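Q: Pasting in a structure now, in structure tokens, and then I'll have a few things to ask.
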Amino acid sequence: MVVGLLPAGTTLPPLPHLLVVLLATGGVVAALRRRRPRVTARRVLALAPWMALGSAAHVLYVVDALPPLLAPFAGSPTVYLTVGSLAGAAWLAAAAARPDRVATALAAAGALCLLPVVAVALGTGLSLAGARWSAVALALALPITGAAWAGLTRLRPEVAVTGGVGALALFGHALDGVSTAVGTTQLGFGERTPISRILLELGGIPPVPVLGEGWLFLLVKLAVASAVVWLFAAYVREEPAEGYLLLGFVAAMGLGPAAHNLLLFSVAA
């Protein structure tokens, strides 16, 4: 039953790779717990490139563009631990080297890691149709996020305390919803997550331009993300460090799949 709820393609790497990932993750988590670097909204926002990095690395895995020695580290769900340990190590290094510029250093390090991975993916072959629809999805997600954020903060003004991290969470899930709808409707991609696939395959849903029947999936994503951001508002107010960190995790759950969609469409459509 549990296996049936997991996304298609979920695998574990060979034992040596798994041990390396688990040891690295355990070491970084232990170091973070010991040093307890300060968590702020800016530092959580600086993790956005790292959220996209995991997705970009997984695209290389999907298109078989990684060396055999590295490929198991980019499978799903191993890639989350791989990139998470790298991001945690970068955070520790930035806090030790430049305590006053942690957010800037963390974001720059993530971008420097992300850019070559994206370049390698695009180097495997660019799909003009896929890239065009990826751009359309991004262009649609921006005003949709703005409207959702404006409506949420007007309905629940206390949500404003979540700031940029709350807005990033909404944007990530809006972009995931739009890109998934565009991918299934316009490019013929399938959805790997069973629950999402059920929403996308419901019958009797009237289609709309560009998004087709996938507008329902987008609507559900926005509703759930908005509810989560609202529920986290009090937590962020009372425990800012933990609240921002957990809300950043919520953002990653949307932004990661969304970045994966956009890059995969651009190289494999």
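The values are calculated or read from the model by the stated rules, or taken from the named source; none is laboratory data. Just so we're clear, the structure is a prediction, and the values are computed from it rather than from any experiment. Cβ coordinates were reconstructed from backbone atoms using ideal geometry, including for glycine residues, and neighbour counts include every protein chain displayed.
Q: In the set Pro67, Pro77, Pro99, which member is under 30 Å from Thr184 (Cβ atoms), in the same structural domain as Leu45 (by TED's automatic domain parsing) and at pLDDT below 95?
A: The conditions single out Pro77.
Q: Output the residues belonging to the range 215-235 that are in contact with a Leu (Cβ under 6 Å, 6 or more places away or on another chain) and not hydrophobic (A, V, I, L, M, F, W, C).
A: Scanning the range 215-235 gives a single hit, Ser226.
Q: Anything in the range 211-241 that is among the charged types (D, E, K, R) and either part of a loop (DSSP other than H, G, I, E, B) or touching a helix residue (DSSP H, G or I) at 6+ places or on another chain (Cβ under 7 Å) (or both)? List them, or say none.
A: Those that are among the charged types (D, E, K, R) and either part of a loop (DSSP other than H, G, I, E, B) or touching a helix residue (DSSP H, G or I) at 6+ places or on another chain (Cβ under 7 Å) (or both): Glu213, Lys221, Arg237, Glu239.
Q: Right, next: Report, by residue number, each residue of the range 156-203 that is of a type in the set (Lys, Arg) and either touching a His at 6+ places or on another chain (Cβ under 8 Å) or not in a loop (DSSP other than H, G, I, E, B) (or both).
A: Arg197
Q: Now a separate question. Report, by residue number, each residue of the range 65-121 that is among the β-branched types (Val, Ile, Thr) and either in contact with a Lys or Arg (Cβ under 9 Å, 6 or more places away or on another chain) or within 15 Å of Val39 (Cα to Cα) (or both).
A: Those that are among the β-branched types (Val, Ile, Thr) and either in contact with a Lys or Arg (Cβ under 9 Å, 6 or more places away or on another chain) or within 15 Å of Val39 (Cα to Cα) (or both): Val102, Thr104.
Q: Here's a follow-up. Go through the range 128-160 residue by residue and tally those that are buried (at least 17 other Cβ atoms within 10 Å of the Cβ), touching a residue at least 40 places away in the same chain (Cβ under 8 Å) and more than 28 Å from Thr184 (Cβ to Cβ).
A: Residues that pass the stated criteria total 1.
Q: Sticking with this one: Filter the range 108-125 down to the residues that are within 30 Å of Phe189 (Cβ to Cβ) and surrounded by 13 or more Cβ atoms within 10 Å (Cβ to Cβ) and list them by number.
A: Hits for the range 108-125 are Gly110, Ala111, Cys113, Leu114, Leu115, Val117, Val118, Val120, Ala121, Leu122, Thr124.
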